[in-house]
Amino acid sequence: MDDDEEELTQPYERSQDCSLFSPRITGESQTFWGRLYPLMKTLCCYDLLQASEVVGKGASCSITLTVEQVGDKPYKMLAEEHFELSRVVKKNIPKIMLLDRSETGVFLNEKRIQTLQRSTPSVIHNNDIIGLPDSSGNHYNAFVFVDPKAPTIQSIPSAVRLKYDLTCRLGVGTFGEVYLAFDKNIKVAAAMKTIPLNTTLTNEVKLKDKLLNEIDILKSLNNPHVIKLIDVVHYKSGSCMFLEYMEGKDLLDRIAQQGRLKESLAKLYFYQIALGIKYLHDKKIIHRDIKPANVLLSTRDTETIAKLADFGLSKSLTSTIHMKTVCGTKLYAAPELLACKGKLEKYTSQVDIWSLGVLLYVSLSGKEPFAAQSHLVEIHIQNGLYVMPVESWQNISTFAKNLIDSMLEVQPVKRITIDGIFEDIWLKVSAQ
């Protein structure tokens, strides 16, 4: 442990499992020059032990992928020998090389290795992502390569570096970076949020208080549609939170890929999100920041599990049923929440229902209902001014439109409740 680090580790029950761990893995005592960590729950983790390792579906490969691991359609795109990884040393400088042996292609960091380059190996580096083709003509990220001799991120505390391999950066959160981490012992993926504690929020709310609030709330939650906390490491200058890794990315990304969701798919995701919200409200917790970017999808499959995430702005109603703090994302914020700014108006858990209505609107149309000029956004929200243009909504059922209208009701007491949503006819009729 570094001298300036003061650590307290709190383990939590692991929510992800992979029963397909490679028998080639023998632990940290085994000498290996590289490791392939899986970016799909069904794939295995492989230590690279031989000077050259061949990956494919053929029985002769040193790493053989099965149809159960990659799925039926992607499996058809796999070559008997798809790609080769090797470690070569030239002038005392080791290099890791990747050679595409297939006709269907290999992707390196989201880019396809060009045909003319297939006869020549490509140099790969620590945390590079290897992708494989799927039957749609696209690809899926399969593995992240980890070089055990690569320099570690010194800003991360030693307790984390000893226990976890930190790989690619998943993004930048509101208050810190998010990395894909793998437990070195059980090879399970987690999303690690780094949260420094040397800054404050603009509204004089200390970042440490926000962090502890998120941890406290996550520790109290256990629901299939709410993200699960795996581990926490506190140290002198910050904290690291480990959350279950959702390989399907977020709902915003899914909507952006498709432009808009089919009504049947939007209903599937909406129902799961509503289940998560009902669970929170039953526990007297308001999320306060519901939006597509805070809904994570378990897998890259179209039909998959959706979970609510990012509880940094959530609040437990322990002393009163009303709240007055302004927070959340403006385009998804309820009128009464925006009205709190500098005033005495109060709000309840009904703010989540409004945000859920905006989310459903965006899911079905691919557009935001209140995306007017910035100086008019609050006015439009507070007056419930939005339209459903015929060109975007003509194929959407009247039931879906009516439900959105009932959620985007300006007056909270007239707005549909979470229990009312589950009684709504749209969730009971067959999807289009």
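The values are calculated or read from the model by the stated rules, or taken from the named source; none is laboratory data. What you see is a predicted model, and the numbers here were worked out from it, not measured in a lab. Cβ placement follows ideal geometry from the backbone for every residue including glycine, while neighbour counts extend to all protein chains displayed. Keep in mind that these areas ignore ligands, DNA and RNA; they rest on the heavy atoms of the full protein, side chains included. Shrake-Rupley method; radii C 1.70, N 1.55, O 1.52, S 1.80 Å.
What is the extension gain from Phe422 to Arg300, computed as 0.36 nm multiplied by their sequence separation minus the C-alpha to C-alpha distance, in nm to one decimal?
Length difference between fully extended and current span is 41.3 nm.
With a cut-off of 16 Å on the backbone N, the residues of segment 131-172 near the modelled label site 7 Å out from Lys76 along Cα-Cβ are 133-139.
For a straight C-alpha distance cut-off of 25 angstrom, the lysines reachable from Lys57 (same-chain residues fewer than eight places away being disregarded) are Lys41, Lys73, Lys76, Lys111, Lys187. In this simple spin-label model, placing a label point 7 Å from the Cα along the Cα-to-Cβ direction at both Arg87 and Thr42 gives a separation of 3.1 nm. Considering only alpha-carbon pairs that sit under 8 angstrom and 6 or more positions apart, the relative contact order computed for segment 54-161 is 19 percent. Full extension of the chain segment joining Glu391 with Ala150 gains 81.4 nm, where the gain is 0.36 nm per residue of separation less the Cα-Cα distance.
Each label was represented as a point 7 Å from its Cα along the Cα-to-Cβ direction; for Ile379 and Ser119 these points are 6.7 nm apart. Shape class for segment 72-188, computed from the alpha carbon gyration tensor (a ≥ b ≥ c): oblate, with a/c not under 1.5 and a/b at or below b/c. For a straight C-alpha distance cut-off of 17 angstrom, the lysines reachable from Lys236 (same-chain residues fewer than eight places away being disregarded) are Lys193, Lys206, Lys208, Lys210. Extension gain, Glu68 to Val429: 0.36 nm times the residue separation minus the Cα-Cα distance gives 126.6 nm.
Rolling a 1.4 angstrom probe over segment 42-192 with all protein chains present gives an accessible area of which 53% lies on carbon and sulfur atoms.
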